[in-house]
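Beneath this line is the structure, given in structure tokens, with notes to follow.
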Amino acid sequence: MNTSAANPGELAGRHLVLGMTGGIACYKIAELTRLLTKAGATVQVVMTEAATQFITPVTMQALSGRPVYTSQWDGRVPNNMAHIDLSRGADAVVIAPASTDFLAKLAHGFADDLLSTLCVARDCPLLVVPAMNRQMWNHPATQRNVAQLRADGVETLGPDSGPQACGEVGDGRMLEPEAVYESIVSFFASKVLAGRKLLITAGPTFEPLDPVRGITNRSSGKMGFALARAAQQAGGDVHLVAGPVALQTPWGVYREDVQTAQQMYDAVMRAAPDADVFIGVAAVADWRVDHVAGHKIKKTAGQRMPTFTFVENPDILASVAAMPNPPFCVGFAAESDDLEVHGEEKRARKKVPLLIGNLGPLTFGRDDNEVVLFEADGRTPLPRAAKQALAQTLVAEIARRLPDPSIIS
Ligand code: CTP
């Protein structure tokens, strides 16, 4: 599972009007359409005449699975009011790419083609994804228009900065399709963690034996990364401390990579005083060797096998929970047996208000999971779900247990 690409079902039931205007970034909208439809959204593409110069309606129809509209005089809409009918029932209109000219039209309420008329006639949110040359983006008129659109409640996604199709470098290039996709999913997520700072650990740790060998475990990091993504989409400010994993950083999440349990402990203890919530999802090694060999341990014929002595690693979760003014602490426990007994015992031992238990090794690396919430006053089982969907449920469960920020203790 890639935690940053489209997850099937994530946008199920959402209906989007995807408006394309003229610009070389039109080619990126093919990929955006694929991501949106893979996630279950229905995508109604509407193109300006200029957009059709860059990519054909045939391509967009094949990818969206729906007829594409380009003209307000299109007779396929029975009442001949495409500008009204196409946006009714839509959850949002997304203009990508949004050209300089189209932003100007929107800011002034012009309605001289199907897409601009549809935007004025819509009764749902409008998101624009600007894409243009840096001089065009920085032009005072464009900046005035964008400020006006924001004041009118239009959501602006991007633009990005970097090399441009014209060969220049600067602000104005369109966000990559995955980033636009993530922003759209975020737009629909309920902002239950707005204003909250979350610190999350994920993945395994790696405890070296010598410069080339070490001890690790089978944690993939998927659950922790899924939680980080869901928390960010719920409006949280997320700091993710990750052990060695091969996963893409979720959009908008600040990631700090570590290897050992001690490094993870140090990173967490530095950030914890600032956090409102700490979620320990990492499978932290309980022990490390007391002396890491400075050179590769050689196998010499006839010699005795190497032996190692271990020392205990700090317990990160218990240490955060023992801080004088701790964040709301959430633990995870992977148990191979007797979850009911070990889950509650572990929660009480680590002195955390919430512990999420799962039947451990069976879930490592999988894309779905089934968990039980352990709290002082009882347990709540949650149904089996994909890790990304489960992450959204857990974010909602955690959010409703947080103290009201307006109550100062
Ligand atoms: N944890 C931690 N630091 C450690 C060990 C565990 O922060 N040194 C956290 C994990 O991130 C998780 C919770 O504690 O949130 C439970 O981890 P688990 O490995 O199940 O607990 P242990 O205390 O190591 O117990 P066990 O004897 O079952 O390994």
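Spin-label model, Asp368 to Glu155: label points 7 Å out along the Cα-to-beta-carbon direction sit 2.9 nm apart. Each residue of the stretch 303-320 was assigned a 3J(HN,Hα) from its phi angle through the Karplus expression (A = 6.51, B = -1.76, C = 1.60, θ = phi - 60°), giving 8, 5, 4, x, 10, 10, 10, 10, 10, 7, 7, x, 8, 5, 4, 5, 5, 5 Hz with x at Gly and Pro. Set the Förster radius R0 to 56 Å, insert the Cβ-Cβ distance between Phe308 and Met81 as r into 1/(1 + (r/R0)^6), and round the FRET efficiency to 0.05. In this case the efficiency is close to 0.15. For Arg173, the residues 5 or more places off, or on other chains, whose built amide H falls under 5 Å of its own are Met132, Asp160, Gly162.
Mind running the shape call on the stretch 249-321? Use the C-alpha gyration tensor, a ≥ b ≥ c as the square roots of the eigenvalues: rounded below 1.5 for a/c, prolate if a/b tops b/c, oblate otherwise. Prolate, since a/c reaches 1.5 and a/b exceeds b/c. Placing unit charges on the Cβ atoms of the charged side chains and taking the dipole of the stretch 297-356 about its Cα centre, the candidate lying farthest along the positive direction among Phe328, Gln303, Pro314 is Gln303. Listed cross-link partners Lys191/Lys222; Lys197/Lys222; Lys38/Lys197; Lys222/Lys296; Lys28/Lys387; Lys28/Lys197 are compared with a 24 Å cut-off, the Cα-Cα value being larger for Lys38/Lys197; Lys222/Lys296; Lys28/Lys387; Lys28/Lys197. Taking amide H as placed 1.01 Å from N in the peptide plane, Ile95 has its amide H under 5 Å from the amide H of Gly19, Leu127, Val128, Val129, each at least 5 places away in sequence or on another chain. Normalised per residue, the accessible area of the chain is 47 Å², obtained with a 1.4 Å probe and no contribution from ligands, DNA or RNA. Equivalent ellipsoid of the stretch 206-246: semi-axes from √(5λ) of the C-alpha gyration tensor, largest first, are 29, 10, 6 Å.
Starting from the amide H of Arg255, placed 1.01 Å from N in the peptide plane, find each other amide H under 5 Å away whose residue is 5 or more places distant or on another chain. The list, which skips near neighbours in sequence, is Leu240. Computed from point charges on the beta carbon alone (+1 for Lys and Arg, -1 for Asp and Glu), the dipole magnitude for the chain about its Cα centre is near 580 Debye. Centre-to-centre, using Cα atoms only, the stretch 43-85 and the stretch 153-231 are separated by 33 Å. Quick one: work out the % antiparallel among DSSP beta bridges in the chain, nearest 5. So the antiparallel bridges amount to about 30 percent of the total. 3J(HN,Hα) along the stretch 62-76: 4, 6, 8, x, 9, x, 9, 10, 10, 10, 6, 9, 5, x, 5 Hz, from the Karplus curve 6.51 cos²θ - 1.76 cosθ + 1.60 with θ = phi - 60°, whole Hz, x for Gly and Pro.
Packing around the peptides 190-201, 289-300, taken as the average count of other Cβ atoms within 10 Å per residue, puts them in this order, highest first: 190-201, 289-300. Residue by residue, the stretch 126-135 carries 3J(HN,Hα) couplings of 10, 10, 10, 10, x, 8, 6, 4, 4, 5 Hz when phi is fed to the Karplus relation 6.51 cos²θ - 1.76 cosθ + 1.60 (θ = phi - 60°); x denotes Gly or Pro.
Histogrammed with a bin width of 20 Å, the alpha carbon distances of the chain distribute as 24, 44, 27, 5, 0 percent, first bin at zero.
The values are calculated or read from the model by the stated rules, or taken from the named source; none is laboratory data. Values in this document were obtained by computation on a predicted structure and should not be read as measured data. Using ideal geometry, Cβ is built from the backbone for each residue, glycine included, and neighbour counts are taken over all protein chains shown. The area values use the complete protein model at the heavy-atom level, side chains included, leaving out ligands, DNA and RNA. Shrake-Rupley method; radii C 1.70, N 1.55, O 1.52, S 1.80 Å.
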